[in-house]
1. Let's test the formula: R0 of 51 Å, r as the Cβ-Cβ distance of residue 612 and residue 572. What FRET efficiency results, to the nearest 0.05?
2. Given the Cα-Cα distance of residue 374 and residue 323 and 0.36 nm per residue of separation, how much length would full extension add, in nm?
3. Tilt of helix 607-646 relative to the longest C-alpha principal axis of the chain, in degrees (0 to 90, nearest 10)?
4. Just check the stretch 326-523 against the gyration tensor rule for me: Cα atoms, a ≥ b ≥ c as the square roots of the eigenvalues, rounded for a/c under 1.5, and otherwise prolate or oblate depending on whether a/b exceeds b/c.
5. Using only Cα atoms, find the angle between the long axis of helix 286-298 and the longest principal axis of the chain, and express it within 0 to 90 degrees, rounded to the nearest 10.
6. Suppose R0 equals 51 Å. What FRET efficiency, 1/(1 + (r/R0)^6) with r the Cβ-Cβ distance, do residue 419 and residue 330 give to the nearest 0.05?
7. Beyond 13 Å, what share of the Cα-Cα pairs of the stretch 248-298 remains, rounded to the nearest whole percent?
8. Between residue 556 and residue 203, how high is the FRET efficiency from 1/(1 + (r/R0)^6) when r is the Cβ-Cβ distance and R₀ = 56 Å? Nearest 0.05.
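Quick note: the coordinates plus some simple rules give every number you see, no bench work behind them. A quick note: this is a predicted structure, and the numbers were derived from the prediction, not measured. Cβ sites come from the backbone with ideal geometry, for glycine too, and all protein chains shown count toward neighbours.
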């Protein structure tokens, strides 16, 4: 579908890639991995056409449709949500507009019969095309995707400019998913999704029929939607079959084998070099020396990728807090007329490691900020226990950092008792070395700001740490290190996150914020997901049961209505039929009596009486035949009515 050959591109004077080649096939589901700054986003831009290579070619299949979700927030305006998403169906919009134009033309005056015939023929063709592309289910598809991504029905007719950045990103995701793309490129798609929307998106992409390339630091997401891995390292791109977790195992095994091979090869080289050095000047060994020199020249060197530097993160042992570091009593919070929290009561106990989850906009960050004393509740009280020391990590790291500080100053701001040497050591553990420490915070990337924020967090001896989306700008290795540090932390933790893989080994309790309230799940994230799955199944079965009961009730009502209608329509006919049957029975008895009399010799011998009986007999037969015909006609009419009701 796409062939990349000998691709190279520069960034700030250095090559990101050098002569890389690979192929993307129709059903590939690819995880694009590599450290921050290695060129993952640049590669997506190259594939989409926003960037152009220095050398090499990108050959795309003719007519290929590509959807691209950038990290940058996309801002939509000028349409309702539903209209904006529907605009991602170019064929449907064209057919709709063309049909309206044709109808207007048909209503115009002075139209010749020939022109009218042509317009009617084209209208017919449009109807066929609509059926071919499943035009009439479009609105239903849009509704399913929007609801799956967390929108509610009353959002459908809101203007797009009313939605915040995270919801704007969801609009863009909806358009991409509905655009019948052959290839979808997603750059950090999970950053603005809650667990509900994330679970839905995973299921959607698992059934997506095209190709997919994903950049994401959410391992749970990547492992569930991809089956191949592209690794960018040392300006090269390497292809692996299998999920990201399988790739990591394969990569480790491969590098262990290469190290062992390199060690053996280096040993052989040293032995050969010693032999050459020892016998270089002995004429009797000249041939052997020359042979060994040639052997040495033929030995290929084995290149092993240097291990990536990783941040070293260890939280200091915190002072011991009281049994209950913080308690929330009847907490409510409103923004203008919008209520977010209503009478929330929670108790955070010493040693609790809690995940706060829930839909976007439900109030997760609000409750975290209230606990962290960054926000005042509208009512209720936050009670801190004995010796509780709180440290808060902002979701938007940039908002919490002074852009004018250099990196040393940013850490001194938190703890001015440390020496410059100690600060430089800490910065070094977060991959800032040399002159990097004099950079202004304002020029740092999102990932670098995250590392500085975590370094600042490390300097506070808190026993209650609150982290709001701490993994948004961290790569896989940095996330793993933070994960281990939080797992080993002996104080209480509150983490607002939708990153399931990150939360798995850390949390022992989950608080779900939904419908203005908080519900506690006394188990880890797996327990929570299982309970939600059971709840969804129960709700579906209940809904299905309700639908079935409603359908049965409707069917019984309809059957009763049909019986009533059938009774009304056949009532007079059945009365007439009943009367006719009685007449037939009566006439039949008369006929049998007359036949008996006519066969009686006493009557047969009397011509006058016999003649009279014959006249009566013939008249009875005639009436009987007439009533049989009437019975047949009434029965047939009733049968037709019953058949019409059955169908």
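1. Values: r = 38 Å, r/R0 = 0.74.
About 0.85, to the nearest 0.05.
2. Working: separation 51, 0.36 × 51 = 18.36 nm, distance 2.30 nm.
Extending this stretch completely gives an extra 16.1 nm.
3. So the inclination is approximately 10 degrees.
4. Values: a/c = 1.87, a/b = 1.73, b/c = 1.08.
Judged from the Cα gyration tensor, the stretch 326-523 comes out prolate (a/c at least 1.5, a/b above b/c).
5. For 286-298 against the chain, the angle is about 40 degrees.
6. On the way: r = 47 Å, r/R0 = 0.92.
The value I calculate is 0.65.
7. Details: 808 of 1275 pairs.
Counting every Cα pair in the stretch 248-298, those more than 13 Å apart make up 63 percent.
8. Numbers: r = 36 Å, r/R0 = 0.65.
Computed FRET efficiency for residue 556 and residue 203: 0.95.
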